[in-house]
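Below: the structure, in structure tokens.
A short reminder: the numbers here are calculations on the coordinates, not readings from a lab. Fair warning: this is a prediction, and the values are worked out from it, not measured in the lab. Ideal geometry is used to build each Cβ from the backbone, glycine not excepted, and the neighbour counts take in all protein chains shown.
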Amino acid sequence: MIVRHTLLAGAGLGALALAATPSFAKPAHHNASTSANAALIKQIQALQEQVADLAARLNVTEAAQRETVANVNNAQSAATTAATQAAQAQTAAAAAQTSATAATAAATKAVPAAVKTELASFTKGKWWDSTTVSGRMYFNFSNVETKVNGAKPTGAGSVNGTGFNIKRFYLGVDHVFSPIFAGNVTMDVSNVVGQTSNTNFTSTGTPAGTNLPALVGKGFYIKKAYLQAKLDPAFIIRLGAADLPWVPYAEGVYGYRHIENTLIDRTNFGTSADWGIHVLGDLAQGLISYQVSVVDGGGYRNVKVTNSVDVEGRVSLNYKGFYGAVGGYTGDRGNNTQGAVTPHKATRENALIGYKTKLFNAGLEYYHSKNWNNVTTVASDTSDGYSAFGNVNFAPTWSVFGRYDWVKPTKTTNDNLKEQYYNIGVQWEPVKIVDLALVYKHDSVDNGTFGTQNGTIGGPNPTGSLVGGRGTYNEIGLFGQLRF
């Protein structure tokens, strides 16, 4: 455009210059100038034609330039559009790859879930789908030394030496019939040294069974066999042989049942299970629990049909580590059979209190009983005792523990008879289902004899005296439990 304007301006200036020449401006002679002017006019016309031709050519050139520029711009725009489309295609390809990877991962993850669902569908409704098998074994390898009035006893009643013993082996089967109904059968295999709590073997002594030093309770028993209806967490009914309210609760807070029975179970002033009707439940989201059992009274090893039933109950509290419970028992202990004479009712009151954290546990249990072993005798008697226990968990799998029991078995008939028991040890838990403990136990009875789960301990008093007899029981060894 600038070139065009320059050329046209030059042509114009040339025409003006011709018009300004003297021959054109001031003609001196008319005839001579006429021809000159005509020639000049022709020159101007020719120049104008040249200018017009030049303008036309410049128009063509300018149009071509504009077309070239437009083509370049169009090419650049097309290139930009192509680049944008290529970037969008690349982004779409990456998104497609991501989606494909996610889909592959989801499909891969869905395979085990599908297999699990298929297996669940396959086993749904089968009896084993609602059945659980569990077990627990208490065992020890230890050395025992007993003395009666300062000397080691000999003969069948001797419990001295080293050996392996399975105190208990429980095998349980639980089956759930519906959200409400369930059942349990638990077998008890035992090889216990000492007197059982329900005196279901022929024995001698007063009260019955207190002087039995032989091995008893050796065999296979049904400890629990019941049908349960869980109508609500606060109202559960069990029919059959089931846990009684007190001993299993005390075992739970004590935590070392595999080392020793709890207070009243060890001293035969209570047992852990019996046949009857059991009602239990939790209230206030587990803050309070309770259980009431109406039972035969002879213990799970000695099923009875009697003229009356016994009742045992418990109410317990658990709040921020603090725990406590009170309970009691009343009845004839299975002795009120047809034709039997039962002058007394056996009664027992229980209390327990303690505090438990992840670091330690400390508790105190107490009982008082009346006529526990004197339901069929004319003479009346009372007994009481307590147990202090505790443990410290100084490492995730290690703990130290100890316990002290003091019992007066016959406060009325022989207030001099007393028993003192203690144990101490260290325990290691190599895996979750096994506990191993190195333990020392000591038990002593003064002024007579007393039957416990570790046998009859003490010594006979001199004839005509209620004092003078003494016996000891010492045991050291490895104790443990296996549970699954």
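Note on residue 338 and residue 294: with the Förster distance fixed at 25 Å, the Cβ-Cβ geometry gives a FRET efficiency of about 0.80. Taking other Cβ atoms within 10 Å as a rough exposure proxy, 188, 274, 384 sort from fewest to most as 384, 188, 274. Measuring r between the beta carbons of residue 378 and residue 311 and using R0 = 25 Å, the FRET efficiency lands at 0.50. The residues 136, 403, 470, when put in order of fewest to most other Cβ atoms within 10 Å, stand as 136, 470, 403.
Taking a 19 Å limit on the Cα-Cα distance, which of the listed pairs 223/345; 147/441; 147/418; 304/345 fall beyond it? Walk me through the numbers before you get to the answer.
Working: 223/345 25 Å; 147/441 14 Å; 147/418 16 Å; 304/345 17 Å.
Where the Cα-Cα span goes over 19 Å, the pairs concerned are 223/345.
3J(HN,Hα) along the range 149-154, derived from phi through the Karplus expression 6.51 cos²θ - 1.76 cosθ + 1.60 where θ = phi - 60°, amounts to 6, x, 10, 6, x, 10 Hz, with x in place of Gly and Pro.
For the range 134-483, the fraction of alpha-carbon pairs lying more than 38 Å apart is 13 percent, rounded to a whole number. Compared with the alpha-carbon gap, the fully stretched path from residue 181 to residue 130 is longer by 17.2 nm at 0.36 nm per residue.
The simple spin-label model puts a point 7 Å past each Cα toward its Cβ; for residue 474 and residue 426 those points are separated by 2.1 nm. Taking amide H positions as modeled 1.01 Å from N, with prolines and chain starts lacking one, no residue 5 or more places away or on another chain lies under 5 Å from residue 302.
Subtracting the Cα-Cα distance of residue 319 and residue 92 from 0.36 nm times their residue separation leaves 75.6 nm of extension gain. Note on residue 362/residue 80: beta-carbon distance plugged into 1/(1 + (r/R0)^6) with R0 of 56 Å gives a FRET efficiency of 0.10. Residues 301, 333, 314, arranged from fewest to most other Cβ atoms within 10 angstrom of their Cβ, appear as 301, 314, 333.
A straight chain from residue 45 to residue 158 at 0.36 nm per residue would run longer than the Cα-Cα distance by 24.9 nm.
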